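The values are calculated or read from the model by the stated rules, or taken from the named source; none is laboratory data. Please read these numbers as outputs of a predicted model, since none were measured by experiment. Ideal geometry is used to build each Cβ from the backbone, glycine not excepted, and the neighbour counts take in all protein chains shown.
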């Protein structure tokens, strides 16, 4: 996918994520959170394996270790996400759950030395306002 323009990829991502958000709510209404977590994660793993297997490179042990920790965290996140989605509307859960980017921006500033612009600060404030508007 490295040779596909990132703008096209992000459009595809947005469209697929939008359809996914609707379908996943339908599935979560019919399955318990652990079952949907297992089915979705296994299906995702098989998709990634089919695309990635020919190009895997485990040379950087630190990168592999961090990726493994991310995978473990992702597993917990999947179970938590589907537990929340079982209890609340997709139109609230999915937009609010994407606000994790606020945490990422702050942690990137604190630990990676990335700058935060005034525009990004405004985005953080608007993100916090959106949580209030979506959940009240």
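Among helices (runs of 4 or more DSSP H) entirely within region 23-127, having at least 2 residues that are under 27 Å from residue 1 (Cα atoms) and at pLDDT 90 or above singles out 33-52, 61-87, 100-112.
When restricted to residues that are closer than 19 Å to residue 29 by Cα and exposed (fewer than 10 other Cβ atoms within 10 Å of the Cβ), region 44-86 contains 0. Within region 74-90, the set of residues being free of Cβ contacts under 8 Å to residues at least 40 places away in the same chain and over 14 Å from the mean Cα position of the chain (by Cα) comprises 84, 87, 88.
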